[in-house]
Amino acid sequence: MTRQVAIVAFEGFELLDLAGPMTVFQMAATLSPARRGRPAYAVQAVSWRGGSVASVTGVSIDTVAWSGAAPGTVVVPGGAPLREQRCGPALQALTPWLQSLARSRRRITSVCTGAFALADAGLLDGRRATTHWRHAATLQQLHPAVRVDSDRIFIHDGPVWTSAGISAGIDLALALVEEDHGTALAQAVAGEMVVYHRRAGGQSQFSSLLAMSPGSERMRAVLAHIREHLTAALTVDDLAAVACLSPRQFARAFRAETGQTPAKAVERIRAEAARLRIEAGDGSVAAVARASGFGDEERMRRAFIRLYGQAPQAVRRAARGGTRTV
């Protein structure tokens with residue numbers, strides 16, 4: 001059976017939000033063995049009235065009118081018109097169309113701020129959902145009935161899937177392919193696209209290294225040294241030597257540039273490395289604690305509680321549950 005996928009276009013949509021999932025489904029159709037001459041997916045871009053629709057970049061895509069589409073899966077990309085609540089005729093027409101599809105239990109998904117369209121249609125009320133971290137607070141404020149989680153790559157709640165910003169749409173589409181046709185095809189698509197197969201839905205959108213973002217090359221070198229030597233002692237004296245500063249000068253300069261003490265930075269980087277392993281199911285909790293420099297489970301558990309509000313075992317359960325109904 002060929003699965004019909006419709007990806008919505010509207011004036012000002014984010015191009016990669018549309019192109020990423022479209023490429024995943026088209027690649028899956030190419031790589032999967034056709035059954036009785038039917039490919040795994042048939043993908044089309046749809047819009048209110050059809051025709052050429054311009055993205056925010058100015059690149060346009062040809063579409064068909066969504067009134068003539070009968071998709072099993074709908075993907076709504078993000079874009080400024082959605083998050084800024086610009087209610088033109090096309091976006092006003094999108095709400096009842098999505099509602100009609102939801103009544104027939106179609107699978108409806110969003111990328112980035114496409115979640116605003118799903119929320120406007122009432123499809124996220126009482127459900128867990130995510131969007132780009134920068135716009136999560138606005139989504140929650142506009143739609144208090146939605147359980148917004150800003151720290152997830154994607155979330156699957158019933159027939160509704162939502163994902164974080166831009167590249168997370170590829171992770172979402174790979175998860176849909178895996179649900180439809182199994183892990184082998186999703187891995188094959190990821191390999192052809194040269195992307196990681198695949199970030200779990202429960203993974204965080206945030207990076208400690210990106211958040212600290214020091215301005216000087218010597219402090220960036222210190223952060224790189226920490227990341228590459230997680231199991232070392234990483235004392236202030238050790239890190240000061242990497243920066244070619246006295247311990248006192250280093251501690252003062254490091255905090256000024258990163259907003260963190262050296263000890264807190266080491267803990268955050270170790271915790272992030274451990275979290276990635278935990279989410280990926282890479283070894284036991286005790287093994288992850290040793291490999292990430294915590295030494296023992298209890299020390300790592302306390303760090304996770306401080307930084308993430310939950311223990312490593314809970315993080316692993318959440319990552320495994322990223323593609324399940326919650």
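Conditions tested, residue by residue: (1) within 30 Å of Val177 (Cα to Cα); (2) in contact (Cβ under 8 Å) with a residue 60 or more places away in the chain; (3) of a type in the set (Gly, Ala, Ser).
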site	(1), (2), (3)
Ala253	no, no, yes
Ala273	yes, no, yes
Asp296	no, no, no
Arg301	no, no, no
Phe304	no, no, no
Ala314	yes, no, yes
> Of all residues in the stretch 101-112 being free of Cβ contacts under 8 Å to residues at least 60 places away in the same chain and under 17 Å from the mean Cα position of the chain (by Cα), which is nearest to Phe154 (Cα to Cα)?
Replying inline: Ser110
> Which condition number in (1) part of a strand (DSSP E or B); (2) farther than 22 Å from Leu174 by Cα; (3) under 21 Å from the mean Cα position of the chain (by Cα) is the one that Ser52 fails?
Replying inline: (3)
> Within the stretch 59-71, which residues are more than 12 Å from Val8 (Cβ to Cβ) and modelled with pLDDT under 95?
Replying inline: Ser67, Gly68, Ala70
> For Ala271, are the conditions met, namely being of a type in the set (A, V, I, L, M, F, W, C), under 15 Å from Ile226 (Cβ atoms) and out of contact with any strand residue (DSSP E or B) (no Cβ under 7 Å at 6 or more places or on another chain)?
Replying inline: yes
>> With the requirement that a residue be under 20 Å from the mean Cα position of the chain (by Cα) and of a type in the set (A, V, I, L, M, F, W, C), what does the stretch 171-187 give you?
In response: Leu172, Ala173, Leu174, Ala175, Leu176, Val177, Ala186
>> Checking the structure you have, find out if any residue of the stretch 163-174 is outside any loop (DSSP other than H, G, I, E, B), of a type in the set (Asp, Glu) and farther than 24 Å from Arg277 by Cα.
In response: no
> In this structure, does Ala271 turn out to be closer than 23 Å to Ala251 by Cβ, assigned to a helix (DSSP H, G or I), within 21 Å of the chain's Cα centre (by Cα) and small (Gly, Ala, Ser)?
Replying inline: yes
> Scanning the stretch 280-315 for residues that are small (Gly, Ala, Ser), part of a helix (DSSP H, G or I) and at pLDDT below 90, which turns out farthest from Ile269 (Cα to Cα)?
Replying inline: Ala314
>> I need the full set of residues from the stretch 228-256 which are of a type outside the set (A, V, I, L, M), under 22 Å from Ala273 (Cβ atoms) and either at pLDDT below 90 or not in a helix (DSSP H, G or I) (or both), in order please.
In response: His229, Thr231, Thr235
> Listed residues Leu185, Leu210; which is over 16 Å from Thr109 (Cβ atoms), at pLDDT below 90 and either in contact with an Asp or Glu (Cβ under 7 Å, 6 or more places away or on another chain) or not in a loop (DSSP other than H, G, I, E, B) (or both)?
Replying inline: Leu210
>> Can you tell me which residue is farthest from the chain's Cα centre (by Cα) among those in the stretch 55-90 that are β-branched (Val, Ile, Thr) and closer than 14 Å to Ile7 by Cβ?
In response: Val64
> When the stretch 2-58 is examined, which residues are found to be of a type in the set (A, V, I, L, M) and in contact with a helix residue (DSSP H, G or I) (Cβ under 6 Å, 6 or more places away or on another chain)?
Replying inline: Val5, Ile7, Val24, Met27, Ala28, Leu31, Ala40, Val43, Val46
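The values are calculated or read from the model by the stated rules, or taken from the named source; none is laboratory data. The model shown is predicted, which means the values in this text are computed figures rather than measured ones. In this analysis, Cβ positions are derived from the backbone assuming ideal geometry, glycine residues included, and neighbour counts consider all displayed protein chains.
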